[in-house]
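Remarks on the structure that follows.
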Amino acid sequence: FSKDFSKEFTFICRYLNDLDDYSRSNMSDSVQNRIGFEGDYIISSHTTVFGAYDFYQRDFDPGSQATINSISAGARQYFTNLVFLDANTGIDFINSFNNKDYTKPHFTASLTDEIDETTRLSLAYDKRYYTNSSTEDLFDYWQTSLNFTKRVFARMGFSASGFFGKGTYVSLNIEDTLKGINTGLSYDIRDNIRATLGYSYSETTSNDASREYAKNVVSAGINVEF
């Protein structure tokens with residue numbers, strides 16, 4: 001939900017729920033709930049700043065729970081009408097699965113070039129401590145990604161991205177390397193309705209061979225704007 005209170009200030013509220021149900025008997029199912037609040041303020045035509053608070057809670061069944069209280073601040077800076085930088089940094093207050101408390105920084109940044117009216121290219125970097133859906137431990141990771149989008153026809157768009165990253169589980173001392181690609185097509189059925197079709201491939205290698213896997217995902221969806 002977002003609301004413009006003025007030409008300069010926008011308030012945003014978000015909620016997300018993830019449910020992961022595994023068929024393997026040696027893996028616990030997990031649920032994550034996230035709620036967040038954000039305020040964006042336009043200082044000038046070239047600069048926008050924001051502040052945000054997000055709360056994450058992940059529960060494993062069977063298993064334990066972890067929570068993260070995250071405070072962030074950031075900005076978008078236009079260098080030209082087509083090139084801009086997004087940067088976001090902050091502090092996460094974490095109560096982990098082992099009932100230990102951590103205070104950890106996080107940082108994300110992305111550089112975007114809107115090459116023309118139909119083409120966008122961006123390079124992003126992300127560094128934080130996080131929870132994932134398969135392991136009851138904090139994951140200290142970094143990741144880089146390259147994203148490309150193109151409006152092929154008036155109603156059809158194409159996107160492609162690739163990522164590479166590494167991380168370490170804090171308590172288990174397991175080191176994972178992650179890489180993958182994503183591709184997608186979108187079609188504007190109406191001005192406010194968009195159909196999407198996507199394919200992704202991801203691969204994880206690890207110092208624990210039992211954790212290594214490759215995953216193929218095909219997805220389809222409908223986005224409706226009100």
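The values are calculated or read from the model by the stated rules, or taken from the named source; none is laboratory data. As the structure is a prediction and not an experimental result, all values here were calculated from the model. Cβ sites come from the backbone with ideal geometry, for glycine too, and all protein chains shown count toward neighbours. To get the accessible areas, we keep the full protein, side chains included, count just its heavy atoms, and leave off ligands, DNA and RNA. Shrake-Rupley method; radii C 1.70, N 1.55, O 1.52, S 1.80 Å.
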- Positions within the range 101-132 being in a loop (DSSP other than H, G, I, E, B), open to solvent by 30 Å² or more (accessible area, probe 1.4 Å) and either more than 23 Å from Asp176 (Cα to Cα) or touching a residue at least 60 places away in the same chain (Cβ under 8 Å) (or both), in sequence order: Glu117, Thr118
- Task: Among the residues of the range 173-189, count how many are assigned to a loop (DSSP other than H, G, I, E, B) and exposed (fewer than 14 other Cβ atoms within 10 Å of the Cβ).
- Result: 1
- Message: Cβ contacts < 9 Å: first residue on the phi > 0 side of the Ramachandran plot, restricted to the range 43-64; second residue surrounded by 14 or more Cβ atoms within 10 Å (Cβ to Cβ), any location; separation 6+ or different chain. Result?
- Response: Gly63/Ser28; Gly63/Asp29; Gly63/Ser30; Gly63/Phe97; Gly63/Glu136
- Taking the range 159-172 and keeping only residues that are outside any strand (DSSP E or B) and free of Cβ contacts under 8 Å to residues at least 40 places away in the same chain, one is left with Leu172
- Task: Could you grab the pairs with beta carbons closer than 6 Å, sequence gap of 6+ or different chains, first residue in the range 1-30 and small (Gly, Ala, Ser), second one surrounded by fewer than 10 Cβ atoms within 10 Å (Cβ to Cβ) and not in a strand (DSSP E or B)?
- Result: Ser28/Pro62
- Within the range 151-167, track down each residue that is of a type in the set (Ser, Thr, Tyr) and open to solvent by 60 Å² or more (accessible area, probe 1.4 Å). none
- Output yes when any residue across the range 79-100 is charged (D, E, K, R), at pLDDT below 95 and either open to solvent by less than 60 Å² (accessible area, probe 1.4 Å) or on the phi > 0 side of the Ramachandran plot (or both), and no when none is. no
- Note on the structure: Residue hits (the range 190-226; within 16 Å of Met156 (Cα to Cα) and either without any contact (Cβ under 8 Å) to a residue 12 or more places away in the chain or in a loop (DSSP other than H, G, I, E, B) (or both)) are Arg190, Asp191, Asn192
- Residue list for the range 190-220, filter: at pLDDT 95 or above and either of a type in the set (A, V, I, L, M, F, W, C) or in contact with a His (Cβ under 9 Å, 6 or more places away or on another chain) (or both): Ile193, Ala195, Leu197, Ala214, Val217, Val218, Ala220
- If we keep only residues of the range 133-150 that are among the polar types (S, T, N, Q) and not in a strand (DSSP E or B), then the residue surrounded by the most Cβ atoms within 10 Å (Cβ to Cβ) is Thr135
- In the range 20-56, what residues are open to solvent by 80 Å² or more (accessible area, probe 1.4 Å), within 29 Å of Phe97 (Cβ to Cβ) and modelled with pLDDT under 95? Asp21, Ser23, Arg24, Ser25, Asn26
- Query: How many residues are in contact with a Gly (Cβ under 8 Å, 6 or more places away or on another chain) and not hydroxyl-bearing (Ser, Thr, Tyr) if we restrict to the range 57-73?
  - Reply: 2
